[in-house]
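Read the structure below first, then the notes.
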Amino acid sequence: NVFGVGVTLISKGTIVAPCSGNSDTVRPRTAIGWDDYGNVYLATTTMGRDWLDGGAGGYRVGGSTVHQMADWLHDLGATNAVSLDGGGSTTMYAKLAGTYHRVDLPDGVWVRAIPVGVAITSR
């Protein structure tokens, strides 16, 4: 493993997302899927409100459920998928006009320090 993997969402073409814990809670989430042809699908639902928790960091609410992520990846063609770390660990940046900007919340809003990330670049 090169990063933390959560629950399995899709296995061999069948959605197997769990119905326990906070799986039905709408939260920022990130998931990665793949198909039998080597295509990779990255899904993130990052829009949400920013909440501070007494200065010890923070967390965000809003986004999607685990089942919505599984459905979207399945609809895209993923035959296997897993969830990744979510909540405040889900942050999205995009290169806009030559500069990286945060696109899930405004630039300058709190960002959780995380040791790993997933980057998508052109070949």
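The values are calculated or read from the model by the stated rules, or taken from the named source; none is laboratory data. If you're wondering where the values come from, they're calculated on a predicted model, not measured in any experiment. Cβ coordinates were reconstructed from backbone atoms using ideal geometry, including for glycine residues, and neighbour counts include every protein chain displayed. Note: accessible area is taken over every heavy atom of the protein model, side chains too, but ligands, DNA and RNA are not part of it. Shrake-Rupley method; radii C 1.70, N 1.55, O 1.52, S 1.80 Å.
Picking from residues in segment 71-99 that are modelled with pLDDT of 85 or more and among the hydroxyl-bearing types (Ser, Thr, Tyr), the one that is nearest to the chain's Cα centre (by Cα) is Ser83. If I filter segment 1-19 down to residues being at pLDDT 90 or above and among the small types (Gly, Ala, Ser), which single residue comes out as most open to solvent (accessible area, probe 1.4 Å)? So the residue we want is Ser11. Scanning segment 80-92 finds one or more residues that are without any contact (Cβ under 8 Å) to a residue 60 or more places away in the chain, in contact with a Ser or Thr (Cβ under 6 Å, 6 or more places away or on another chain) and not in a helix (DSSP H, G or I). Scanning segment 88-101 for any residue that is farther than 17 Å from Leu42 by Cβ and crowded, with 16+ Cβ neighbours inside 10 Å turns up at least one such residue.
For segment 51-64, the count of residues that are open to solvent by 80 Å² or more (accessible area, probe 1.4 Å), touching a Leu at 6+ places or on another chain (Cβ under 9 Å) and either at pLDDT 80 or above or not in a strand (DSSP E or B) (or both) is zero.
Among the residues of segment 60-111, the ones that are of a type in the set (Phe, Trp, Tyr) and closer than 15 Å to Thr30 by Cβ come to 2 in all.
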